[in-house]
Every structure is written in C-alpha cells, then in structure tokens.
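Undergrad: Attaching a single structure in structure tokens format; questions to follow.
Read-outs throughout are calculated quantities, based only on the coordinates presented, and are distinct from any laboratory measurement. Predicted model, so just to flag it, every value in this text is computed and none were measured. Here the Cβ is made from the backbone with ideal geometry for all residues, glycine too, and neighbour counts use every protein chain on show.
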Amino acid sequence: AAASRLDACECAARALRLALALDEAEPLSSPRLVAFLDAASSLKAVRLDGLDEEQKLAFFLNVYHTMIQHAYSLLGPPSSLLKAISFFNTIAYQVGGDVFTLAELEHNVLRAPSCRPKSFFSKWVLPKSSYSFALTTADYRLNFALSCGSASGLAMVPVYQPALLGAQLDAVASAFLARTVAVSCHSGGGGGGGDAAV
C-alpha cells in the first residue's frame, strides 16, 4: 500500500515535470508531448486512499499545475472574466476514478478546509461538490503555491514532493512576499519611533 501511495505522488510529479518541459508550440508528433499525455492519462489509475495530508497536498498541487499547463497548451489562457469562469469550471481531469474541474480541485479539494468566499458572485460561480479525498487541514501557504498562470502568480512552478513540502511551501510564500510586499520605515512626527508602512 505504501508503494502505491508513493506511486500516486510520483505519477503526478512526473506529469507536471513533463508538462513544464513542453514548448509553447509543441508539435503533435513530438515524443515529449506523447510522453506528457501518457503521464497525464496515467493519473486516472492512481489510488488516493491512504494518502496522508502531506502526500495529498503535494499530489493535488502537482495535478492542479499539470491541468493548468495542459489547458494553456491546448487552449491558451482565458481572455476575459467570463471565459475564465468557464475555463476553470469546465477543464477537468479524471484522477483516481473521480472527475473534477480546476475549480473543484482548487475550492473543494485543496481549499476544502478553508473558509469559502462570502461574495454574492462566488456563491454562483464556485462549485459545491465534495470529495472523500479532500484535504482536512487549511494551509495559508496555498495562497502563494497555487499558480493559475496570472501575472501575480509564480514565475516558475515547483514540482512538489511530500518529503520536502514544508520547505517548498515556505520558499514559494517567501518568494511571493519578497516580490509583492515592500516595507518602509518613516520617522513619525513627535513620537520618537518610526512607523512601518506596508
């Protein structure tokens, strides 16, 4: 059983490594494209039962980024908000005997233990499916680890490994914050201490 759990994680990692190696205009007859499609299709047969929380998180982060890469290589990025909603709610993979869209994977598996957005709009757009293999522990670092290909996302997506997951998530969170947050100290008038501004 331990071998099949590791095989599931390695299967997702291999699919992502191959997806990231594809060129933007990879020819249909390319051996790299064929190898990627074989790796992606092998996700249908993986066993998810018995994965611990770290294995599930690494596995599903790699599957999410594989799906994004696969969809972008076939369809390109969505060009409007309406097309993005359709994109994330229709691009789907069969994994471990279940089918889920990018939106379901993000909101009902990876972010399942987190609070759902409360906006009126999100109540209509976000899926309501539930999955037995969904994560049970919230991790704020997912906000930095998930990259849907937008300008604010990661420049390079790592291939997550269960044994290194904590360090990998810390690194992407640190890299994101270093790139997007600046702290400057101003000397405040009269109080003697400096005020920090973010």
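Undergrad: Consider a paramagnetic label point 7 Å from the Cα of residue 32 along Cα→Cβ; state which residues of region 75-90 have an amide N under 18 Å from it.
TA: Answer for region 75-90: 75-76.
Undergrad: For Cα pairs less than 8 Å apart in space and 6+ apart in sequence, what is the mean separation divided by the residue count of region 1-90, i.e. the relative contact order in percent?
TA: Working: 67 pairs, mean separation 35.3, N = 90.
Reported as a whole number, the value is 39 percent.
Undergrad: Sorted by mean Cβ packing within 10 Å, highest first, what order do the peptides 43-50, 88-95 take?
TA: Working: 43-50: 15.2, 88-95: 17.9.
Answer by packing, highest mean first, reads 88-95, 43-50.
Undergrad: Can you list the HN-Hα couplings for region 43-57, worked out from phi with the Karplus curve (6.51, -1.76, 1.60; θ = phi - 60°), rounded to whole Hz and with x for Gly and Pro?
TA: So the Karplus estimates, Gly and Pro as x, are 5, 4, 9, 5, 9, 9, 5, x, 5, 7, 4, 5, 4, 4, 4 Hz.
Undergrad: Sort 33-40, 105-112 by packing, meaning the average of other beta carbons within 10 Å per residue, with the highest value first.
TA: Values: 33-40: 17.5, 105-112: 21.8.
Descending mean neighbour count gives 105-112, 33-40.
Undergrad: How much length would be gained if the chain were fully extended between residue 75 and residue 143, taking 0.36 nm per residue of separation minus their Cα-Cα distance, in nm to one decimal? Write out the running numbers ahead of the final one.
TA: Working: separation 68, 0.36 × 68 = 24.48 nm, distance 2.48 nm.
Gain on stretching residue 75 to residue 143: 22.0 nm.
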